[in-house]
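**Q** Take a look at this one; I'll ask things after.
The values are calculated or read from the model by the stated rules, or taken from the named source; none is laboratory data. A quick note: this is a predicted structure, and the numbers were derived from the prediction, not measured. Positions of Cβ are backbone-derived with ideal geometry, glycine not excepted, and every protein chain shown enters the neighbour counts. With ligands, DNA and RNA removed, areas are computed over all heavy atoms of the protein, side chains included. Shrake-Rupley method; radii C 1.70, N 1.55, O 1.52, S 1.80 Å.
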Amino acid sequence: MNNSRPQIQGGAPEALAEVTKVSGPVIKARPASLFVMNELVEVGEERLAGEVISLDGELATIQVYENTSGIGLGCSVHGLGLPLYVELGPGLIGRIFDGIQRPLQELCQQWGDFIHRGRSGAPLDREHLWTFSPLRSAGEQLSGGEILGEVAESPILTHRVLVPPEVEGRLERIVPPGDYTLDDLIARVSSATGHSHELKLFHRWPVRKIRPSRKRLLSADPLITGQRVIDTFFPLTKGGTAAIPGGFGTGKTITQHQLTKWTDADIIVYIGCGERGNEMTGVLTDLPRLLDPRSGRPLIERTILVANTSDMPVAAREASIYTGITIAEYYRDMGYDVALMADSTSRWAEALREISGRLEEMPAEEGFPAYLASRLAAFYERAGQVITLANNTGSVTLIGAVSPPGGDFSEPVTSHTKRFVQCFWALDKELASGRYFPAINYLQSYSGYSRQVEPWWRRRVGEGWLELRDRAMEILQEDAKLQNIVRLLGEEALPDDQKRIIEGARLLKDGFLQQSAFDEIDSYAGPEKQFFLLEIILHLFDRLAEVVAARIPLFRALELPAIWAIYRLKSTLKGDESAPFQALREQIDLEIDTLLRRHHESSF
Amino acid sequence: MKTTDQPPEIFRSSARPSILEYIGLERINGPLLVVQGVKGASFDEQVEILVAKGPPRQGRVLSISEECAVIEVFEGTSGLSQVSTRVRFLGHPFELAVSREEVMGRVFDGLGQPLDGGPLLTKGARCDINGLPINPVARVYPEEFIQTGVSAIDGMNTLVRGQKLPIFSGSGLAHNELAAQIVRQARLLSDDQGFAVIFAAMGVRHDEAEGFRRSFEESGVLQNVAMFLNLADDPAVERLITPRVALTVAEHLAFEEGMHVLVLLTDMTNYCEALREVATSKGEVPSRKGYPGYLYSDLASIYERAGRLQNRPGSVTQIPILTMPDDDITHPIPDLTGYITEGQIVLDRSLAAKSVYPPVNVLPSLSRLMSDGIGPGRTREDHQDIANQLYAAYARAREAQRLAAIVGEEDISPIDKLYLRLAREFEARFLGQRPDENRTIRETLDLAWELVMLLPEQELSRLKPADIDSHGRGQTRAGAQVPWGEEDE
C-alpha cells in the first residue's frame, strides 16, 4: 500500500491477531479489539489483503481479497489502520486495475502472466513526472474539493488536481509550475485549528464512502450514445441510471462495449466484474485502436478499466464496484461527465451472496442476503449530476448490466435493480436468436428521462422530436397487438390498413432500431441522423395511408425503390447532413404521387 | 497489500513440521470427515487418509477452525472407521507433477493416478491443480479460426483457438459423436506446431469413454491424447478434482511446451452434482435448485483456464459437454455455464427426432468470438453477413412453421412457403451431415448461399448487393420469383 507501514495500534508485536477459522474467502481472527470496522488487514506470511467486515465479541470476521489456500490457524493478521481506499491522481487514465486497484499491467510486467497471491504494486506510477501548473497562490483561502492546479493527463484530458474534500484552510505554500512526481509535496495548507496538511498530486479516498458535492441537479442533458434505440426511444441523461438485463447471449456485453466506445461522456470507467477474461482483453485491444468520434484520439485516452474476472477472487469482485465508482466520482469532482459501465452487477450480487453464505447469515430470496436491495440502492444513488465543491458541473452516469438466471426478470437482482434505475433496457432472447441487435425489447423497456431531455433535442436537433418518438412507439405497440393475429392467421389475413401498420413497424424495426455494431457506418448514428431517419420513415408511413385510402393494394407501394433505399439508409449514410434525407423524401413523394396518379387515371 | 518489500519478522505462518498426522475422526458425514483439535493444518491442504485395508485415499481441507477441520474425501468415506482412521496433512495444496513425456498417450483416473499400468507421474514441475487466475493483460484475444468440418459450427458458430465453447445437450442426444467428430476433423490437429487432446471424463459410462478412446485410435491421434477418467461407478467426489487435474496438464502443455491443446470435459452436469453433494453435506445455504451460491465462481475457475497468452506459442481450447437436466436451458448448470463460456452449441431433441445429425439448434447457439475469427484473411469476406442472413431467415422460417402448424401449409403466404422450404433444406442439407463428412469452410459458405438464394432478393436485407452478385448469382434461383407477383395482374 504505502511504503511506510502504518503503526499497529497498541504497538507491541505480541498484540497481533491470529487466525482462528478459514472457510474460503472468509476468515476469523482473534482478538477483535485490535481492529476497527472495515479496516484493511494483511493476513499471513504472504500478506494477503483483506477487510474487516464484522466484529463480534472476541472475533473479527475478515473477507480476504485473494485465494486463502494455505492459510491456517495461528497465521497472523495485521491491521493497517485504514479503510479500503483508492489512490486518486494523475495516471489513472488508460490503465487497467483489479478490484482493489492493483495495476494489472505492472503486475504482468513484474510477476508474469498469472496473478500470484500477495504480489502487488503501487496503483499509480510513482516515477512518472507530471507537468503541474498551479492555479492558486499562497495566502489564498482553500476549501475541500477546490482545484489547486492542472496536469495534462492525456492529450485530450486535463487532470484537475483537487484539494482533498476534508482539507480546508489557508494555502501556505504552493510549488511553482514544473515537473513533479506523485510523491513530491506540492502544497501546504494550514487549517483554522492550526493543523497543517501536506498535499501531493494525489490523495486517497475510502471506496465505500460517497465523495461529497455541493448540490445534486436534475439533469436535462441526454447522454448521447449513438445507438438509435437508446437515444431516441429510451434516452439516458448525464447523471442518470440505467440497467441492461438479459440472459446469456442476448448482447449485454456488446451493448456495454458499444456504449464504452461511443457515448459522449468525457471519461469512461468500465468495470468488468466477474466476467470473462477474454472480454477484458478484447476491450484492452480495441480501445487503443478505435478513435473517439469527437476528438479523433484513441478511446483509451479517456477510459479507465477495472477488471476482476470471474476466476479472480470473489471478495475483490465485491470491492471492484466501489473502486470503480469512487474513481468515477473523482473525475466528476473535476467537472467532467463520467459514464460508468458495470458488467455485471449480478456477479457482484453473487459475491455478496457467497460471502454472506460463508458468514452463515440468514438468507432472504434465493440465498441472497437481506441487505441486497439496500446495497444496490446505495450503489445507484452514487450516480447523478452535481455542482461540485469547486462549483463546476459534473456527472456520473451509471449503466449496470444484469445477468438474470435463465433470463428471468423476476429474480431478486433484476427486480430490485428495477426499483432503483430510471432506464431499463430489457434484452430479449427471441430477438437475439434472430440476430436482431441490439436485442432491446421495445415493449418491455422504458426510460423515465424522455420528457426531461426533450428541450435538448428541440434546441439542438429539431422541433417535434418527442412527437416523432411517441408516434413511432404507437406504431410499434399497435404492431405488437396485430402480431398476435398474424401468428394465428398469417399476415395475408389482415386488411391493408393494418398491413400498413405491420409494414411501418417493420421499417422501424429493420430500418431504424436494428443497428449493427460491426458495420463501420452503422455502428454510430449521431442525433441528427437519428432524427432525420425517423422523420423519413414516418413520412413514408403517412404517405402509405394515402395509398391505402385510394384503395391501391399496399404491395404495389411496397415495391417502390424508395423503400429499399430507406432500409439501407442506416448503413449507407455516415454524416449528419439533412440533404440526402431531403432528396430521398422527394423521391418518396415523387414515387407515391406517380402511383396515386396512375391509379387515379386507370380507374377512369 | 500493495507493498513489495520483505515481510517483517512479526509475520508468521503456522510454523510446523511439513507433515502432520492425526488418528480418529469426530464425525463422518457423506463424503466429509471432521477431525477435532487439528493444530497447524491450513485451508485447501491436501490430505491422505490411511485405512487398515486398501490403499490410502485422497482428500482436501474444506474449512478449518479451532474446533475442527472439515475434509472432503475423493474416494468416498465408506469403510472408514471413526477410531482407527489416520489422517495425514501433507502441508501443501493438491499438486501434480506434469511433463509432456509422462502424460501423452496415457490413461489416468480422475485424480491423475495411472490406469494403464504405466509409471506414476513424478517427473516435471509440481503444479497446484487449482491453477492461478490469468492476468487479462497477459491474454491475447483469440482470433484464429479452427475448421471443424461441421457446417453448423464453422458457418454459424465458429470455433477459434483459445475459446471455451460448450455443447449443451440432453440425455441420449449425439453430443459424444459430435465431440469426437470435432476432435477428428479439427484443423487444429493438422498443425505442425504440435497438438494435444486432453480428455476428462466425469461420471460418464464405460462405453462412452471407450467410444472416445476408439475414435481417437481410429483417427491416429491416440499418441497425442491424455485421458483422465472418472467413470460413472467411480466415487462422485473425485469428479471435483478431475477437470482441475486435466486443465493443469493442459496449461502445462500449452504454456510451457507451446502446444495447441483441445480439452474435452464431459459431463459437467455430473461435476456440478458432486459439488452440490458436498455443499449439502456441509450444511451450506443453497441458492437455486440446491446448488451452492458459489457455483458460478467454481465453474469460472474451470472454464476460465482457456485461452492464449502473449509471448507463449500454445493455446488451450475447451469444449465442455453438459447434459441439460430435462432439456432445460434455464437450469442453473447450463445457465451459469453460458454466462462464463464464449457461446454454446445447443443440441435439440426435435431435430434429432427428424434424424438430423448433428442436431444443432443454431438459434440458441452462439459463438461470441466468431466475429473476430472470420472474415477476409481468415475465412471469407462474406462470412459474417451470410451467417447473419441465414440466422434471420431460419428464425423467420421457424415462425412460418409455427403458423403453418396452425392454419395449414396451404393457407400461408407464398413468401412463407419459401421460408418453409428453406427451413427444410437448411435442416437436411446444411445442418445434416455424416459423422465422417468433413466440409471445408468454402463448401459450408457456398451451401449457405445456395440456401438463402431460395428467397427473393428483397428478403435479403443483411447481405451486401455486391456479395449477392459475386456469391449468390451462380446459385439456383428456384423460388426467386417476386412472391407477391402472383396476385399481381
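**Q** Considering (1) modelled with pLDDT of 90 or more; (2) more than 9 Å from chain A (Cβ to nearest Cβ); (3) surrounded by fewer than 22 Cβ atoms within 10 Å (Cβ to Cβ), say which one residue B:65 fails and leave the rest.
**A** So the condition that residue B:65 fails would be (2).
**Q** So which residues in region B:290-306 are of a type in the set (Ser, Thr, Tyr), open to solvent by less than 10 Å² (accessible area, probe 1.4 Å) and either more than 8 Å from chain A (Cβ to nearest Cβ) or under 14 Å from the mean Cα position of the chain (by Cα) (or both)? Outline the logic, then answer.
**A** First, pick out the residues of region B:290-306 that are of a type in the set (Ser, Thr, Tyr): B:291, B:294, B:296-297, B:301, B:303.
Applying the additional criterion that residues be open to solvent by less than 10 Å² (accessible area, probe 1.4 Å) yields B:291, B:296, B:303.
B:291, B:303, listed by residue number.
**Q** Please find, among B:346, B:362, the residue that is more than 19 Å from residue B:162 (Cα to Cα), facing chain A (nearest Cβ under 9 Å), modelled with pLDDT of 90 or more and not in a loop (DSSP other than H, G, I, E, B).
**A** Values: B:346 fails: facing chain A (nearest Cβ under 9 Å).
Testing whether each residue is more than 19 Å from residue B:162 (Cα to Cα), facing chain A (nearest Cβ under 9 Å), modelled with pLDDT of 90 or more and not in a loop (DSSP other than H, G, I, E, B) leaves just B:362.
**Q** Still on this structure: Inside region B:388-433, can you point out the residues that are open to solvent by 50 Å² or more (accessible area, probe 1.4 Å) and among the hydrophobic types (A, V, I, L, M, F, W, C)?
**A** Matches in region B:388-433: B:405, B:406, B:428.
Residue-by-condition table, conditions (1) under 26 Å from the mean Cα position of the chain (by Cα); (2) at pLDDT below 90; (3) aliphatic (A, V, I, L, M):
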site	(1), (2), (3)
A:86	yes, no, yes
A:90	yes, no, no
A:103	yes, no, no
A:110	no, no, no
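**Q** Report, by residue number, each residue of region A:159-189 that is of a type in the set (Ser, Thr, Tyr) and surrounded by fewer than 16 Cβ atoms within 10 Å (Cβ to Cβ).
**A** Here is the first cut: in region A:159-189, the ones of a type in the set (Ser, Thr, Tyr) are A:180-181.
Within region A:159-189, A:181 is the sole residue that qualifies.
**Q** Then there is this: Within region B:17-84, considering only strands (runs of 3 or more DSSP E) that don't extend past its boundaries, which have at least 2 residues that are free of Cβ contacts under 8 Å to residues at least 40 places away in the same chain?
**A** Working: elements: B:20-23, B:27-29, B:32-36, B:45-50, B:57-65, B:68-73.
Where strands (runs of 3 or more DSSP E) fall fully within region B:17-84 and carry at least 2 residues being free of Cβ contacts under 8 Å to residues at least 40 places away in the same chain, they are B:32-36, B:45-50, B:57-65, B:68-73.
**Q** Here is a follow-up. Restricting to region A:551-564, and then to whatever is of a type in the set (A, V, I, L, M) and touching a helix residue (DSSP H, G or I) at 6+ places or on another chain (Cβ under 6 Å), can you tell me which residue is surrounded by the most Cβ atoms within 10 Å (Cβ to Cβ)?
**A** Restricting attention to region A:551-564, the residues satisfying the condition of being of a type in the set (A, V, I, L, M) are A:552, A:554, A:557-558, A:560, A:562-563.
Still in the running and touching a helix residue (DSSP H, G or I) at 6+ places or on another chain (Cβ under 6 Å): A:552, A:554, A:557, A:560, A:562.
Values: A:552: 20, A:554: 19, A:557: 24, A:560: 21, A:562: 19.
If we take residues in region A:551-564 being of a type in the set (A, V, I, L, M) and touching a helix residue (DSSP H, G or I) at 6+ places or on another chain (Cβ under 6 Å), then A:557 is surrounded by the most Cβ atoms within 10 Å (Cβ to Cβ).
**Q** Pick from region A:88-125 the residues that are free of Cβ contacts under 8 Å to residues at least 60 places away in the same chain and open to solvent by 50 Å² or more (accessible area, probe 1.4 Å): which of them is farthest from the other protein chains (Cβ to nearest Cβ)?
**A** So the residue we want is A:125.
**Q** Here's another thing I want to ask about it. Determine whether region A:462-469 contains at least one residue that is part of a helix (DSSP H, G or I), at pLDDT 90 or above, farther than 18 Å from residue A:539 by Cα and away from chain B (no Cβ under 14 Å).
**A** We begin by selecting, within region A:462-469, every residue part of a helix (DSSP H, G or I); these are A:465-469.
Next, only the ones that are at pLDDT 90 or above stay: A:465-469.
Narrowing the set further to residues that are farther than 18 Å from residue A:539 by Cα leaves none.
No, every residue in region A:462-469 fails to be part of a helix (DSSP H, G or I), at pLDDT 90 or above, farther than 18 Å from residue A:539 by Cα and away from chain B (no Cβ under 14 Å).
**Q** May I ask you to list the residues in region A:205-238 that are farther than 17 Å from residue A:389 by Cβ, outside any helix (DSSP H, G or I) and of a type in the set (D, E, K, R)?
**A** Of everything in region A:205-238, those that are farther than 17 Å from residue A:389 by Cβ, outside any helix (DSSP H, G or I) and of a type in the set (D, E, K, R) turn out to be A:208, A:221, A:238.
**Q** Given (1) more than 9 Å from chain B (Cβ to nearest Cβ); (2) modelled with pLDDT of 90 or more; (3) surrounded by fewer than 24 Cβ atoms within 10 Å (Cβ to Cβ), identify the lone condition not met by residue A:64.
**A** Going through the list (1) more than 9 Å from chain B (Cβ to nearest Cβ); (2) modelled with pLDDT of 90 or more; (3) surrounded by fewer than 24 Cβ atoms within 10 Å (Cβ to Cβ), residue A:64 breaks only (3).
**Q** Further, regarding this structure: Which residues, taken from region A:115-172, are touching a strand residue (DSSP E or B) at 6+ places or on another chain (Cβ under 7 Å) and among the hydroxyl-bearing types (Ser, Thr, Tyr)?
**A** A:131, A:133, A:137, A:158
Matching residues to (1) part of a helix (DSSP H, G or I); (2) within 12 Å of another protein chain (Cβ to nearest Cβ):
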site	(1), (2)
A:488	yes, yes
A:504	yes, no
A:520	no, no
A:538	yes, no
A:542	yes, no
A:548	yes, no
A:563	yes, yes
A:568	yes, yes
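**Q** Quick one: which strands (runs of 3 or more DSSP E) lie wholly within region A:272-389 and hold at least 3 residues that are away from chain B (no Cβ under 14 Å) and in contact (Cβ under 8 Å) with a residue 24 or more places away in the chain?
**A** Numbers: elements: A:303-308, A:337-343, A:384-387.
Per the criteria, A:337-343, A:384-387.
**Q** Something else: Quick one: in region B:326-340, which of the residues that are within 23 Å of residue B:431 (Cα to Cα) and within 12 Å of the chain's Cα centre (by Cα) is nearest to the other protein chains (Cβ to nearest Cβ)? Before you say what the answer is, go through the steps one by one.
**A** So the first thing to find is which residues in region B:326-340 are within 23 Å of residue B:431 (Cα to Cα), and the list is B:327-329, B:334, B:338.
Those left that are additionally within 12 Å of the chain's Cα centre (by Cα): B:334, B:338.
Working: B:334: 9, B:338: 4 Å.
Looking at the filtered set, the residue picked out is B:338.
**Q** Within the set of pairs 6+ apart or on separate chains, which have a first residue in region B:441-470 that is more than 16 Å from residue B:397 (Cβ to Cβ), a second that is charged (D, E, K, R), and C-beta atoms under 6 Å apart?
**A** B:441/B:154; B:444/B:154; B:445/B:380; B:463/B:385; B:467/B:382
**Q** Could you tell me which of the residues B:196, B:179 is outside any strand (DSSP E or B), open to solvent by less than 10 Å² (accessible area, probe 1.4 Å) and modelled with pLDDT under 95?
**A** Details: B:196 fails: outside any strand (DSSP E or B).
That would be B:179, the only listed residue that is outside any strand (DSSP E or B), open to solvent by less than 10 Å² (accessible area, probe 1.4 Å) and modelled with pLDDT under 95.
**Q** Does any residue of region A:400-414 turn out to be in a loop (DSSP other than H, G, I, E, B), buried (at least 22 other Cβ atoms within 10 Å of the Cβ), polar (S, T, N, Q) and modelled with pLDDT of 95 or more? Let's see the steps before the verdict.
**A** In the first step, residues of region A:400-414 are kept if they are in a loop (DSSP other than H, G, I, E, B); the result is A:403-404, A:408-411.
Right, trim to buried (at least 22 other Cβ atoms within 10 Å of the Cβ) and you get A:403-404.
Restricting the remaining residues to those that are polar (S, T, N, Q) gives A:403.
Those still in the list that are modelled with pLDDT of 95 or more too: none.
No, because not a single residue in region A:400-414 is in a loop (DSSP other than H, G, I, E, B), buried (at least 22 other Cβ atoms within 10 Å of the Cβ), polar (S, T, N, Q) and modelled with pLDDT of 95 or more.
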